[in-house]
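Single-structure report; data block below.
The values are calculated or read from the model by the stated rules, or taken from the named source; none is laboratory data. Small disclaimer: the values here were computed from a predicted structure and weren't measured. Here the Cβ positions follow ideal geometry from the backbone for every residue, glycine too, while neighbour counts run over all protein chains shown.
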Ligand code: GLU
(Lines give C-alpha, C1' and ligand atoms only; values in the text may rest on other atoms or scores of the structure.)
Protein backbone atom coordinates (compact mmCIF):
# COMPACT_ATOMS: atom_id res chain seq x y z
CA UNK A 1 0.00 0.00 0.00
CA UNK A 2 1.31 3.43 -0.86
CA UNK A 3 0.08 6.44 1.02
CA UNK A 4 -1.53 8.58 -1.62
CA UNK A 5 -1.77 11.72 0.44
CA UNK A 6 -2.27 14.52 -2.06
CA UNK A 7 -0.57 17.89 -2.32
CA UNK A 8 0.08 19.91 0.82
CA UNK A 9 -3.13 21.40 2.22
CA UNK A 10 -3.49 25.17 1.97
CA UNK A 11 -1.73 26.99 4.86
CA UNK A 12 -4.92 28.07 6.54
CA UNK A 13 -6.18 24.49 6.59
CA UNK A 14 -3.07 23.04 8.22
CA UNK A 15 -3.80 21.43 11.58
CA UNK A 16 -1.13 19.95 13.80
CA UNK A 17 -1.15 18.57 17.30
CA UNK A 18 0.85 17.61 20.33
CA UNK A 19 -0.61 14.55 22.05
CA UNK A 20 1.16 13.74 25.32
CA UNK A 21 0.33 10.77 27.52
CA UNK A 22 0.03 12.00 31.13
CA UNK A 23 1.77 9.02 32.68
CA UNK A 24 4.79 11.05 33.76
CA UNK A 25 6.47 14.42 33.62
CA UNK A 26 7.28 16.16 30.35
CA UNK A 27 10.73 15.06 29.28
CA UNK A 28 13.11 17.23 27.28
CA UNK A 29 12.64 14.89 24.30
CA UNK A 30 8.86 15.48 24.42
CA UNK A 31 9.50 19.22 24.67
CA UNK A 32 11.72 18.99 21.57
CA UNK A 33 8.96 17.26 19.58
CA UNK A 34 6.29 19.64 20.93
CA UNK A 35 8.33 22.72 20.01
CA UNK A 36 8.91 21.49 16.46
CA UNK A 37 5.28 20.42 15.94
CA UNK A 38 4.18 23.85 17.18
CA UNK A 39 6.71 25.74 15.02
CA UNK A 40 5.64 23.83 11.93
CA UNK A 41 2.03 24.88 12.40
CA UNK A 42 2.74 28.45 13.51
CA UNK A 43 5.01 28.91 10.50
CA UNK A 44 2.21 27.64 8.26
CA UNK A 45 -0.39 29.89 9.90
CA UNK A 46 -2.41 26.80 10.85
CA UNK A 47 -4.21 25.57 13.96
CA UNK A 48 -2.42 23.83 16.80
CA UNK A 49 -4.29 21.28 18.90
CA UNK A 50 -3.37 19.90 22.30
CA UNK A 51 -4.78 16.45 23.03
CA UNK A 52 -4.29 14.54 26.25
CA UNK A 53 -3.88 10.82 25.55
CA UNK A 54 -5.20 9.42 28.80
CA UNK A 55 -6.98 6.42 27.30
CA UNK A 56 -5.02 4.11 29.57
CA UNK A 57 -6.65 5.37 32.76
CA UNK A 58 -4.68 3.28 35.24
CA UNK A 59 -1.42 4.74 33.88
CA UNK A 60 -2.61 8.35 33.54
CA UNK A 61 -2.79 11.01 36.25
CA UNK A 62 -4.59 14.36 36.05
CA UNK A 63 -1.76 16.04 37.93
CA UNK A 64 0.69 15.06 35.19
CA UNK A 65 -1.68 16.49 32.57
CA UNK A 66 -1.82 19.78 34.54
CA UNK A 67 1.94 19.86 34.83
CA UNK A 68 2.41 19.16 31.11
CA UNK A 69 0.12 22.06 30.19
CA UNK A 70 1.99 24.30 32.58
CA UNK A 71 5.39 23.26 31.21
CA UNK A 72 4.25 23.91 27.63
CA UNK A 73 3.02 27.39 28.60
CA UNK A 74 6.35 28.06 30.27
CA UNK A 75 8.11 27.12 27.03
CA UNK A 76 5.93 29.63 25.15
CA UNK A 77 4.00 26.95 23.28
CA UNK A 78 0.32 27.80 23.00
CA UNK A 79 -2.61 26.01 21.42
CA UNK A 80 -5.81 27.01 19.66
CA UNK A 81 -7.84 24.03 20.81
CA UNK A 82 -7.27 21.88 23.85
CA UNK A 83 -8.67 20.42 27.06
CA UNK A 84 -8.54 23.72 28.96
CA UNK A 85 -10.04 25.95 26.23
CA UNK A 86 -12.19 23.53 24.24
CA UNK A 87 -12.75 23.89 20.50
CA UNK A 88 -14.92 22.55 17.70
CA UNK A 89 -13.48 19.02 17.76
CA UNK A 90 -13.56 18.35 21.50
CA UNK A 91 -13.41 16.78 23.92
CA UNK A 92 -9.61 16.89 23.81
CA UNK A 93 -9.02 14.14 26.36
CA UNK A 94 -9.10 10.59 25.11
CA UNK A 95 -10.80 9.40 28.29
CA UNK A 96 -13.88 11.39 27.19
CA UNK A 97 -13.90 10.08 23.60
CA UNK A 98 -14.53 6.41 24.14
CA UNK A 99 -17.79 6.27 22.15
CA UNK A 100 -15.90 7.26 19.03
CA UNK A 101 -13.37 4.49 19.47
CA UNK A 102 -16.18 1.96 20.06
CA UNK A 103 -17.83 3.07 16.81
CA UNK A 104 -14.55 2.56 14.95
CA UNK A 105 -14.11 -0.86 16.57
CA UNK A 106 -17.60 -1.87 15.48
CA UNK A 107 -16.80 -0.85 11.92
CA UNK A 108 -13.53 -2.80 11.92
CA UNK A 109 -15.33 -5.84 13.32
CA UNK A 110 -18.07 -5.57 10.73
CA UNK A 111 -15.46 -5.47 7.97
CA UNK A 112 -13.62 -8.47 9.48
CA UNK A 113 -10.37 -6.74 10.30
CA UNK A 114 -10.33 -8.02 13.89
CA UNK A 115 -10.05 -11.33 15.68
CA UNK A 116 -10.21 -12.30 19.35
CA UNK A 117 -6.95 -13.28 21.01
CA UNK A 118 -6.89 -15.48 24.12
CA UNK A 119 -3.16 -15.47 24.76
CA UNK A 120 -2.45 -14.63 28.38
CA UNK A 121 -1.16 -11.28 29.46
CA UNK A 122 1.85 -12.85 31.09
CA UNK A 123 2.80 -14.58 27.83
CA UNK A 124 2.31 -11.52 25.76
CA UNK A 125 3.23 -8.60 27.95
CA UNK A 126 6.26 -7.91 25.86
CA UNK A 127 4.28 -7.79 22.64
CA UNK A 128 1.26 -5.74 23.69
CA UNK A 129 0.41 -2.70 21.58
CA UNK A 130 2.48 0.10 23.03
CA UNK A 131 3.12 3.47 21.47
CA UNK A 132 6.86 3.32 21.58
CA UNK A 133 8.04 1.23 18.74
CA UNK A 134 8.59 -2.37 17.98
CA UNK A 135 11.90 -2.49 19.79
CA UNK A 136 10.16 -1.66 23.06
CA UNK A 137 7.40 -4.14 22.37
CA UNK A 138 9.55 -7.18 21.86
CA UNK A 139 8.89 -9.70 19.10
CA UNK A 140 5.84 -9.42 16.86
CA UNK A 141 2.73 -11.33 17.86
CA UNK A 142 3.12 -14.71 16.18
CA UNK A 143 -0.55 -14.94 15.15
CA UNK A 144 -1.40 -17.80 17.53
CA UNK A 145 -5.15 -17.00 17.69
CA UNK A 146 -5.59 -15.78 14.13
CA UNK A 147 -6.59 -19.13 12.69
CA UNK A 148 -8.94 -20.35 15.43
CA UNK A 149 -12.27 -21.72 14.24
CA UNK A 150 -15.59 -20.26 15.39
CA UNK A 151 -16.02 -23.29 17.71
CA UNK A 152 -12.58 -22.87 19.23
CA UNK A 153 -13.30 -19.20 19.84
CA UNK A 154 -16.59 -19.97 21.46
CA UNK A 155 -15.02 -22.56 23.74
CA UNK A 156 -12.20 -20.25 24.80
CA UNK A 157 -14.53 -17.33 25.38
CA UNK A 158 -16.19 -19.30 28.16
CA UNK A 159 -12.95 -19.29 30.12
CA UNK A 160 -11.46 -15.93 29.20
CA UNK A 161 -12.34 -12.50 27.86
CA UNK A 162 -10.25 -12.01 24.75
CA UNK A 163 -8.39 -8.96 23.51
CA UNK A 164 -9.03 -7.88 19.92
CA UNK A 165 -6.27 -7.80 17.34
CA UNK A 166 -6.08 -6.14 13.95
CA UNK A 167 -5.17 -8.70 11.27
CA UNK A 168 -2.32 -7.18 9.28
CA UNK A 169 -2.92 -7.52 5.53
CA UNK A 170 -0.57 -9.40 3.22
CA UNK A 171 0.99 -6.38 1.57
CA UNK A 172 3.77 -3.96 2.37
CA UNK A 173 3.16 -0.39 3.47
CA UNK A 174 5.13 2.55 2.12
CA UNK A 175 4.94 6.24 2.86
CA UNK A 176 7.19 9.27 2.62
CA UNK A 177 8.13 10.69 5.99
CA UNK A 178 8.66 14.47 6.14
CA UNK A 179 11.99 13.97 7.94
CA UNK A 180 12.96 10.31 7.63
CA UNK A 181 12.19 10.17 3.88
CA UNK A 182 10.73 7.17 2.00
CA UNK A 183 9.74 4.31 4.30
CA UNK A 184 8.94 0.71 3.39
CA UNK A 185 7.52 -1.82 5.83
CA UNK A 186 7.20 -5.46 4.79
CA UNK A 187 3.77 -7.13 4.93
CA UNK A 188 2.75 -7.80 8.51
CA UNK A 189 5.61 -5.76 10.02
CA UNK A 190 5.27 -5.81 13.79
CA UNK A 191 2.54 -8.43 13.70
CA UNK A 192 -1.18 -8.23 14.46
CA UNK A 193 -1.61 -5.57 17.11
CA UNK A 194 -4.12 -5.09 19.91
CA UNK A 195 -6.91 -2.58 19.31
CA UNK A 196 -8.79 -3.49 22.47
CA UNK A 197 -7.17 -5.07 25.49
CA UNK A 198 -8.83 -7.87 27.40
CA UNK A 199 -9.63 -5.36 30.17
CA UNK A 200 -11.61 -3.32 27.63
CA UNK A 201 -9.08 -0.50 27.24
CA UNK A 202 -8.77 0.74 23.66
CA UNK A 203 -5.30 0.37 22.16
CA UNK A 204 -3.16 3.41 21.46
CA UNK A 205 -3.03 2.85 17.69
CA UNK A 206 -6.79 2.90 17.27
CA UNK A 207 -7.44 5.87 19.57
CA UNK A 208 -4.77 7.98 17.90
CA UNK A 209 -6.01 7.45 14.34
CA UNK A 210 -9.65 8.04 15.26
CA UNK A 211 -8.67 11.27 17.00
CA UNK A 212 -6.35 12.51 14.27
CA UNK A 213 -9.07 11.96 11.68
CA UNK A 214 -11.90 13.39 13.83
CA UNK A 215 -9.85 16.46 14.67
CA UNK A 216 -8.92 17.09 11.03
CA UNK A 217 -5.20 16.76 11.71
CA UNK A 218 -3.20 17.28 8.50
CA UNK A 219 0.32 17.16 9.95
CA UNK A 220 1.63 14.75 12.57
CA UNK A 221 5.09 15.66 13.79
CA UNK A 222 6.23 13.44 16.66
CA UNK A 223 9.17 11.47 18.07
CA UNK A 224 11.13 8.88 16.07
CA UNK A 225 10.07 6.18 18.52
CA UNK A 226 6.62 6.30 16.92
CA UNK A 227 7.84 5.79 13.36
CA UNK A 228 7.13 2.04 13.57
CA UNK A 229 3.56 2.82 14.57
CA UNK A 230 2.96 4.71 11.34
CA UNK A 231 2.33 1.72 9.02
CA UNK A 232 -0.19 0.37 11.54
CA UNK A 233 -1.89 3.73 11.69
CA UNK A 234 -2.00 4.03 7.90
CA UNK A 235 -3.57 0.58 7.68
CA UNK A 236 -6.15 1.40 10.34
CA UNK A 237 -7.04 4.68 8.61
CA UNK A 238 -7.48 2.86 5.32
CA UNK A 239 -9.60 0.13 6.90
CA UNK A 240 -11.80 2.83 8.46
CA UNK A 241 -12.00 4.86 5.23
CA UNK A 242 -10.36 7.86 6.91
CA UNK A 243 -7.86 10.31 5.40
CA UNK A 244 -4.21 10.04 6.40
CA UNK A 245 -2.27 13.02 7.72
CA UNK A 246 1.32 13.66 6.62
CA UNK A 247 3.80 12.20 9.10
CA UNK A 248 7.22 13.49 10.12
CA UNK A 249 9.32 11.92 12.90
CA UNK A 250 11.80 14.07 14.78
CA UNK A 251 15.02 12.54 16.10
CA UNK A 252 15.35 11.30 19.65
CA UNK A 253 17.83 12.94 22.00
CA UNK A 254 20.91 11.03 23.17
CA UNK A 255 23.52 11.85 25.80
CA UNK A 256 27.22 12.29 25.01
CA UNK A 257 27.63 8.62 25.98
CA UNK A 258 25.43 7.59 23.07
CA UNK A 259 22.58 6.43 25.32
CA UNK A 260 19.03 7.71 25.12
CA UNK A 261 18.78 10.86 27.26
CA UNK A 262 17.48 9.96 30.71
CA UNK A 263 17.83 10.64 34.41
CA UNK A 264 21.39 9.39 34.39
CA UNK A 265 22.28 12.50 32.37
CA UNK A 266 20.86 14.95 34.94
CA UNK A 267 17.72 17.10 34.79
CA UNK A 268 15.76 15.87 31.81
CA UNK A 269 12.23 16.67 32.92
CA UNK A 270 10.87 20.13 32.39
CA UNK A 271 10.06 20.30 36.08
CA UNK A 272 13.71 19.72 36.91
CA UNK A 273 14.98 22.09 34.24
CA UNK A 274 12.60 24.83 35.39
CA UNK A 275 14.16 24.67 38.82
CA UNK A 276 17.51 25.42 37.22
CA UNK A 277 16.66 27.92 34.47
CA UNK A 278 14.58 30.91 35.43
CA UNK A 279 13.25 31.49 31.94
CA UNK A 280 12.93 29.18 28.94
CA UNK A 281 14.95 31.14 26.36
CA UNK A 282 18.21 29.29 26.82
CA UNK A 283 16.50 25.90 26.63
CA UNK A 284 14.58 26.99 23.51
CA UNK A 285 17.84 28.17 21.91
CA UNK A 286 19.52 24.85 22.68
CA UNK A 287 16.60 22.81 21.33
CA UNK A 288 16.45 24.92 18.17
CA UNK A 289 20.17 24.40 17.68
CA UNK A 290 19.77 20.62 18.08
CA UNK A 291 16.95 20.76 15.51
CA UNK A 292 19.23 22.47 13.00
CA UNK A 293 17.20 25.70 13.09
CA UNK A 294 19.91 27.86 14.70
CA UNK A 295 23.63 27.77 13.95
CA UNK A 296 24.47 28.71 17.52
CA UNK A 297 22.32 28.06 20.59
CA UNK A 298 21.43 31.68 21.33
CA UNK A 299 18.63 32.37 23.84
CA UNK A 300 15.34 33.08 22.10
CA UNK A 301 11.63 32.96 22.73
CA UNK A 302 9.77 30.13 20.99
CA UNK A 303 7.79 32.52 18.80
CA UNK A 304 10.98 34.21 17.56
CA UNK A 305 11.93 30.91 15.94
CA UNK A 306 8.86 30.68 13.74
CA UNK A 307 10.56 32.13 10.63
CA UNK A 308 13.48 29.67 10.99
CA UNK A 309 11.34 26.53 10.85
CA UNK A 310 12.08 24.26 7.89
CA UNK A 311 11.33 20.55 8.00
CA UNK A 312 14.33 19.95 5.73
CA UNK A 313 16.74 21.34 8.35
CA UNK A 314 15.83 18.79 11.00
CA UNK A 315 18.40 16.01 11.23
CA UNK A 316 17.45 12.36 10.86
CA UNK A 317 17.48 9.69 13.56
CA UNK A 318 19.43 10.68 16.62
CA UNK A 319 20.75 13.91 18.03
CA UNK A 320 23.51 14.03 20.63
CA UNK A 321 23.09 16.55 23.42
CA UNK A 322 26.44 18.10 24.38
CA UNK A 323 28.03 18.10 27.85
CA UNK A 324 27.69 21.88 27.77
CA UNK A 325 23.99 21.75 27.28
CA UNK A 326 23.58 19.16 30.04
CA UNK A 327 25.61 21.37 32.36
CA UNK A 328 23.47 24.36 31.51
CA UNK A 329 20.30 22.43 32.35
CA UNK A 330 21.59 20.88 35.57
CA UNK A 331 23.71 23.48 37.32
CA UNK A 332 21.86 26.22 39.24
N1 LIG B 1 0.62 9.87 23.27
C2 LIG B 1 1.81 9.44 22.61
C3 LIG B 1 3.00 9.63 23.52
O4 LIG B 1 2.95 10.42 24.45
C5 LIG B 1 2.08 10.21 21.34
C6 LIG B 1 1.11 9.91 20.28
C7 LIG B 1 1.40 10.49 18.93
O8 LIG B 1 2.03 11.56 18.85
O9 LIG B 1 0.96 9.92 17.96
O10 LIG B 1 4.00 9.01 23.32
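If you check 71, 78, 54 for being assigned to a loop (DSSP other than H, G, I, E, B), touching a helix residue (DSSP H, G or I) at 6+ places or on another chain (Cβ under 9 Å), under 20 Å from residue 303 (Cβ atoms) and modelled with pLDDT of 95 or more, only one passes: 78. Scanning the range 220-235 for residues that are closer than 20 Å to residue 15 by Cβ and within 12 Å of the ligand (Cβ to nearest atom) returns 220, 221, 222, 223, 226, 229, 230, 233. When we screen 124, 134 for residues that are within 16 Å of the ligand (Cβ to nearest atom), at pLDDT below 95 and under 25 Å from residue 235 (Cα atoms), the only hit is 134.
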